[in-house]
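Everything on this sheet refers to the single structure shown next.
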Amino acid sequence: MKQMERIRFGVIGGGMMGREFACAALRWPQLKGNLPRPVVTAVCSRTENSLAWFRQNTDATLFCQDYRELLQDPEVDAVYCAVPHHLHEAVYRDVILSGKHLLGEKPFGIDLQACQSILNAMRQQPEVFVRVASEFAFFPAVWQMMRMYEEGRFGAMIEASFTMKHSSDLQLDKPINWKRVKAFNGEYGCMGDLGIHTQHVPFRLGLQPKTVSAQLSKLVTRRPGPDGAMVPCDTWDNAVLLCGGESRSGERFPMRFEMKRMSPGDSNTVEYEILGMDFSARFSTLQPNTLFVIDQKSRKPGWAGVPTGQQAAYPTITGGIFEFGFSDAILQMLAAYVSELRGLPCPLACFTPQEALLSHRVLTAALQSHRDGASVPVGDIA
């Protein structure tokens, strides 16, 4: 059997997503075929507890608290980076300018200016491969929905909506963390944290917001700090964006994005809906293994649940037998990253830096729209 190529990864940021990335790499034999295998060889984290987890569970040989030490390691080919948003610009630029490939977490810079700065670093190192982490497009039902759209089954567009909602912030005694502080999370608030999860699918399908009318909500202004005393909580909790959308063919339609940290009854609920004159489809993580559809040709008025099976874009040894979850989506995203990095067939690709730039323009337009109380053309955002 041909020996599998290894891609040596450094992980910067040893929190939840850094560990999820490492777990996906450890599960690599679950994938069929002979894709290049990601192997974690170096880890940077600010806390000893995080480093201890990687020492116990990976074969990494370098452990450090200064990411620049990791970037100097010749045994690192690529970097997965999951750090707070205010660090994206400096860390991502340093990774790229060091000549190492990058899979960086959303939102790819704390604001539009930071994103543009990262893209400038990419222009200086065109041989470096860079993508943005985004997982939900890799759910089998979502992938099937995307293929149906690309096949032209929907006909003329009626409208589309893309949402991500959870409710944990309704617990008013929940201690504050960096995602609830504007200095670390950014002015976007919930939009920077959740936005790309709502944008990967439409942007990839060529469904783009051209105008944005936004309503942002700041529902909790103080939370308990590390010592229990109340401290300011200054980020947006909920965001609703009503957009004038446009397809690749130039047809215009209403387009809605919702990003909410305070949505009673939801727990990281992701929902996508595309309505067309010929065909419509709806996905929800509440029923992740079913795609709900309406085929106008059948003349049946209600939504029909279609079991999609579990066969993902990158086949696994269990095929479509067992249910698919978020950790499986991370494995699929990593498969897409290494496939595209090595120029291999890529049935579904990761979110791109250019799509991240569009995301930042949309979110910047949303801030301006809420501030001015008016619809803002995305094209006016430089």
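Taken together, the values in this text are just the output of simple stated rules run on the coordinates, not laboratory data. Given the structure is predicted, the values throughout are model-derived calculations rather than measurements. FYI the Cβ positions are ideal-geometry reconstructions off the backbone, even for glycines, and counts take in every protein chain you see.
Tabulated data
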| item | result |
| --- | --- |
| Hydrodynamic radius (Kirkwood) for the stretch 337-378, which is based on Cα pairs only, to one decimal in Å | 12.4 |
| Given K165/K297; K182/K260; K100/K260; K100/K179, the pairs whose alpha carbons are separated by over 25 Å | K165/K297; K100/K260; K100/K179 |
| Positive-end residue, the stretch 231-376 charge dipole about Cα centroid, Cβ charges, pick of G325, M262, V240 | V240 |
| 13 Å reach of a label modelled at N289, 7 Å along Cα-to-Cβ, counting backbone N of the stretch 133-167 | 140-141 |
| Cα gyration tensor shape for the stretch 182-298, rounded if a/c is under 1.5, else prolate or oblate | prolate |
| Environment charge of R180, counting only residues whose C-beta is closer than 15 Å and scoring Lys/Arg +1, Asp/Glu -1 | +2 |
| Unit charges on C-beta of K, R, D, E only; dipole of the chain, Debye | 400 |
| Fewest-first sequence of R248, R153, R282, R261 by Cβ atoms within 10 Å of each Cβ | R248, R153, R282, R261 |
| Relative contact order for the stretch 6-132, counting Cα pairs under 8 Å that sit 6 or more residues apart, in percent | 24 |
| Kirkwood Rh in Å, taken over all unlike Cα pairs in the stretch 6-132 | 14.6 |
| Longest to shortest principal axis, alpha-carbon extents of the stretch 100-162, angstrom | 42, 22, 18 |
| Residue exposure sequence - L207, L97 - by fewest surrounding Cβ within 10 Å | L97, L207 |
| Label point distance in nm, V306-L97, each placed 7 Å from Cα along Cα→Cβ | 5.0 |
| Range of Cα positions in the stretch 277-369 per principal axis (Å), largest first | 47, 41, 24 |
| Most mobile of V231, V40, V79 in a GNM of the chain (Cα contacts under 10 Å) | V231 |
| Ranking of M333, M262 by count of other Cβ atoms within 10 Å, fewest first | M262, M333 |
| Charge dipole of the chain about the Cα centre (unit charges at C-beta), most positive-ward option of V11, T352, C81 | T352 |
| Extreme residue, positive dipole direction of the stretch 6-132, given options Y92, G33, T61 (C-beta unit charges) | G33 |
| Rg/Rh (Cα only; Kirkwood hydrodynamic radius) as it applies to the stretch 204-259 | 1.28 |
| Dipole moment magnitude, nearest 20 debye, the stretch 6-132 about Cα centre, only Lys, Arg, Asp, Glu C-beta charged | 440 |
| For the chain: relative contact order, % (alpha-carbon pairs under 8 angstrom, 6 or more apart) | 19 |
| The stretch 29-91 versus the stretch 263-304: alpha-carbon centroid distance in Å | 38 |
| Taking N as its residue count, the alpha carbon Rg of the chain over 2.2 N^0.38 Å | 0.99 |
| Inter-centroid distance (Cα atoms) of the stretch 149-223 relative to the stretch 321-382, Å | 12 |
